[in-house]
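Here is the structure we will look at.
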Amino acid sequence: MFKDLQIRRIFYITLLLFVAAVLFGYFYTVYNYDKVIQSFNETFGFVDGLQEMPNSYIFIFIFLNNTIKSLLAIFLGIAFGIFPIYFIAANGYLVGLILAISVYSAGLKYFLAGVLPHGILEIFAIVYASSLGIWLGWKYFRKVRLNKHEEYKEGLKYSWRAFCRLVFPMLLVAALIEVYITPFFISMVQ
């Protein structure tokens, strides 16, 4: 899975960034609940309309959304890793926000039932994609500064293969679980 120790280290640092963003999102929401709820409803109001759609459409929406953003996190990493860092921080913040809202309104069991079944795969895939983006940004920097063109080309190839072999299938399975299995777990805790 990890080409070398450098990717592994970046993965763990990216995972720590994700966890820090989850904690920030959680505590920010807890202390600013009304403000966050209003902003959340304004920003994600389209989700209510999405729930009225057939499951196959919801699956396609979720899968394409996560896949496109993960691809962007990888290949826009060449801009000094800014996009993958933002991507992972935004996702962590959103998970923390949803955790706080879920715990406040329905309890921790509801959050775990709604996120855990698919979240393990989805979060791993997103953290890994972001790690690849940061790593590729480092390779690009070395290409520009140290004229390491072959190293960068190999990094591009490796990142594409890792996306196809690991990130893409994990996001596919996660979207299937989110749409077709997670609702069953949610219904068990309601």
Residue in segment 141-150 that is touching a residue at least 24 places away in the same chain (Cβ under 8 Å) and either among the aromatic types (F, W, Y) or crowded, with 16+ Cβ neighbours inside 10 Å (or both) present: yes
Of all residues making up segment 103-133, the number that are open to solvent by less than 30 Å² (accessible area, probe 1.4 Å) and of a type outside the set (A, V, I, L, M, F, W, C): 8
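Going by the structure shown, is S56 in a helix (DSSP H, G or I), of a type in the set (S, T, Y) and exposed (fewer than 12 other Cβ atoms within 10 Å of the Cβ)? Give the steps one after another, and end with the answer.
Details: in a helix (DSSP H, G or I): yes; of a type in the set (S, T, Y): yes; exposed (fewer than 12 other Cβ atoms within 10 Å of the Cβ): yes.
Judged against the criteria, S56 is a match.
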Residue check, A79 farther than 29 Å from V30 by Cβ, modelled with pLDDT under 95, of a type in the set (G, A, S) and over 16 Å from the mean Cα position of the chain (by Cα): yes
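I'd like the residue in segment 1-45 that is among the hydroxyl-bearing types (S, T, Y) and either in contact with a strand residue (DSSP E or B) (Cβ under 9 Å, 6 or more places away or on another chain) or open to solvent by less than 70 Å² (accessible area, probe 1.4 Å) (or both) and, out of all such residues, is farthest from A162 (Cα to Cα).
Narrowing segment 1-45 to residues among the hydroxyl-bearing types (S, T, Y): 12, 14, 26, 28-29, 31, 33, 39, 43.
Among the residues that remain, those that are also either in contact with a strand residue (DSSP E or B) (Cβ under 9 Å, 6 or more places away or on another chain) or open to solvent by less than 70 Å² (accessible area, probe 1.4 Å) (or both) are: 14, 26, 29, 33, 39.
Details: T14: 17, Y26: 31, T29: 35, Y33: 39, S39: 36 Å.
Going through the qualifying residues, I end up with Y33.
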Some residue of segment 31-40 being part of a helix (DSSP H, G or I), in contact with a Pro (Cβ under 6 Å, 6 or more places away or on another chain) and at pLDDT below 95: no
Matching residues, segment 151-190, being of a type in the set (D, E) and open to solvent by less than 70 Å² (accessible area, probe 1.4 Å): E151, E178
Residues located in segment 1-32, provided they are hydroxyl-bearing (S, T, Y) and within 19 Å of M170 (Cα to Cα): Y12, T14
Given (1) crowded, with 19+ Cβ neighbours inside 10 Å; (2) within 30 Å of Y28 (Cβ to Cβ), index of the condition L136 fails: (2)
Which numbered condition S159 misses (of (1) of a type in the set (S, T, Y); (2) at pLDDT below 90; (3) under 18 Å from the mean Cα position of the chain (by Cα)): (2)
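Just wondering, is there one or more residues in segment 83-93 that are more than 29 Å from Y180 (Cα to Cα) and not in a helix (DSSP H, G or I)? It would help to see each step written out before you state the result.
From segment 83-93, those more than 29 Å from Y180 (Cα to Cα) are 83, 85-86; that's our starting set.
If we keep only those that are not in a helix (DSSP H, G or I) too, we end up with none.
Checked segment 83-93: no residue is more than 29 Å from Y180 (Cα to Cα) and not in a helix (DSSP H, G or I).
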Scope segment 74-105; condition more than 30 Å from Y140 (Cβ to Cβ) and touching a residue at least 12 places away in the same chain (Cβ under 8 Å); matching residues: G96, L97, I98, L99, A100, I101, S102, Y104
Hits in segment 135-190 - residues which are in a helix (DSSP H, G or I) and touching a His at 6+ places or on another chain (Cβ under 9 Å): K143, V173, A174, A175, L176, I177, E178, V179, T182
Top-ranked residue in segment 60-85 [being under 16 Å from F18 (Cβ atoms) and polar (S, T, N, Q); ranked as least open to solvent (accessible area, probe 1.4 Å)]: S70
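The values are calculated or read from the model by the stated rules, or taken from the named source; none is laboratory data. Computed from a predicted model, the values in this text were never measured in an experiment. As a convention, Cβ positions derive from the backbone with ideal geometry for all residues, glycine included, and neighbour counts pool all protein chains shown. In case anyone asks, the SASA skips ligands and DNA or RNA and just uses the protein heavy atoms, side chains included. Shrake-Rupley method; radii C 1.70, N 1.55, O 1.52, S 1.80 Å.
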